[in-house]
Amino acid sequence: MLTVRGLEAGYGARPVLHGVDLDVAPGEIVALLGRNGSGRSTTAKALMGLLPARGSARWNDVELLGQPAHRIARAGLGYVPESRDVFPTLSVAENLRLGERPRAGPGRWTTAELLARFPRLSERAQAPAGVLSGG
């Protein structure tokens, strides 16, 4: 599904990634691990079109690099930053509905499907999202 070859990216004149190669097969779960400053977030941002990057990154045979973030998201690749940004005064269910993708195609999901997959969220669906812990 995802093939990355020779990914290079950084912030301004400061390179962070040097020749990253990565393969993710359908149904496979892959984690990027490393200490602070090792390039995990930079890799995700580069793949999502949020940072300029060089190399090749193909998602379902579509080249990602050079594409704007909204096209990459529409192709079905998502980025969930670790900053836990939610709308704190809206309920958990309302926050989920904001990101819902009910139409057919890559990345399709509904709030009901997500709540069924994560029953603990279902128990808290009406609670303000700002009271959830990060755990």
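Bear in mind these aren't lab numbers, they're just calculated from the coordinates by the rules spelled out. These numbers were taken from a predicted model, which means no experiment stands behind them. Here the Cβ is made from the backbone with ideal geometry for all residues, glycine too, and neighbour counts use every protein chain on show.
With the structure loaded, tell me whether ARG74 is under 15 Å from the mean Cα position of the chain (by Cα) and not aliphatic (A, V, I, L, M) or whether it fails that test.
So ARG74 passes the test.
Check whether at least one residue in the range 108-118 is charged (D, E, K, R) and in a loop (DSSP other than H, G, I, E, B), and report yes or no.
Yes: the range 108-118 contains one or more residues that are charged (D, E, K, R) and in a loop (DSSP other than H, G, I, E, B).
What is the number of the single condition among (1) within 29 Å of VAL131 (Cβ to Cβ); (2) in a strand (DSSP E or B) that ALA31 does not meet?
(2)
Have a look at LEU51, LEU96 and point out the one that is assigned to a helix (DSSP H, G or I) and either of a type in the set (A, V, I, L, M, F, W, C) or over 30 Å from SER133 (Cα atoms) (or both).
LEU96 is the lone residue from the list that is assigned to a helix (DSSP H, G or I) and either of a type in the set (A, V, I, L, M, F, W, C) or over 30 Å from SER133 (Cα atoms) (or both).
Across the range 88-116, what is the total count of residues that are of a type in the set (D, E, K, R) and under 18 Å from the mean Cα position of the chain (by Cα)?
Looking only at that region, the number is 4.
Which one is surrounded by the most Cβ atoms within 10 Å (Cβ to Cβ) among residues in the range 42-71 that are among the small types (Gly, Ala, Ser) and more than 15 Å from the chain's Cα centre (by Cα)?
ALA53
Given (1) hydroxyl-bearing (Ser, Thr, Tyr); (2) under 29 Å from ALA9 (Cα atoms); (3) in a loop (DSSP other than H, G, I, E, B), identify the lone condition not met by SER56.
In the conditions (1) hydroxyl-bearing (Ser, Thr, Tyr); (2) under 29 Å from ALA9 (Cα atoms); (3) in a loop (DSSP other than H, G, I, E, B), SER56 misses (3) alone.
Kindly indicate whether VAL4 is surrounded by 11 or more Cβ atoms within 10 Å (Cβ to Cβ) and more than 29 Å from ASN95 (Cα to Cα).
yes
Here's a check for you: in the range 94-131, which residue that is surrounded by 12 or more Cβ atoms within 10 Å (Cβ to Cβ) and among the β-branched types (Val, Ile, Thr) is farthest from ARG74 (Cα to Cα)?
Restricting to residues being surrounded by 12 or more Cβ atoms within 10 Å (Cβ to Cβ) and among the β-branched types (Val, Ile, Thr), the top hit is THR111.
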